[in-house]
Amino acid sequence: MRSINRRFEEFKKINKNLSDYINLARAVRGQNFTRNMISRWFYILISKEEYGEKDDVDIITHLAKLTKLPEDDSF
């Protein structure tokens, strides 16, 4: 079974210089996760210092769109 957390940790290990948000975006891209699942893991994995107080809804919406896109190594 796919796991956002597992994929996130793999990307984070490979890309130590990238932000947690970018690694989460890579983890969900093309995986068809539900918006609820993305939202749940977003609040667990991403520190509040990485996004503005009112930006979380927009960021989760963007991640939900990314999860529907095909995986691409160039991202």
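Rule-based calculations on the coordinates, nothing more; no lab input. Predicted, not measured: the structure shown is a model, and the values here were computed from it. Heads up, the Cβs are rebuilt from the backbone with ideal geometry, glycines too, and the neighbour counts pull from every protein chain shown.
Quick notes on this structure:
- The range 29-73: C-alpha gyration tensor shape, a/c 1.5 cut-off, then a/b vs b/c: prolate
- Shown is the FRET efficiency for K13 and T61, computed with R0 = 25 Å from the Cβ-Cβ distance and rounded to the nearest 0.05: 0.35.
- ³J(HN,Hα), Karplus 6.51/-1.76/1.60, whole Hz, each residue of the range 39-53, x for Gly, Pro: 4, 4, 6, 4, 5, 7, 8, 9, 6, 5, 6, 8, 8, x, 4
- The number of Lys pairs in the chain with C-alpha atoms less than 25 Å apart, excluding pairs fewer than 8 positions apart on the same chain, is 11.
- With neighbour counts taken as other beta-carbon atoms within 10 Å, the residues S47, S19 rank, fewest first, as S47, S19.
- Extending 7 Å from Cα along the Cβ direction at N5 and again at R35 yields two label points whose distance is 2.4 nm.
- Of the residues K13, K68, the one with the fewest other Cβ atoms within 10 Å heads the list, and the complete ranking is K13, K68.
- Rg/Rh, computed from the Cα trace of the chain with Rh as the Kirkwood radius, has the value 0.93.
- Likely footprinting exposure, D20, D58, fewest C-beta neighbours within 10 Å first: D58, D20
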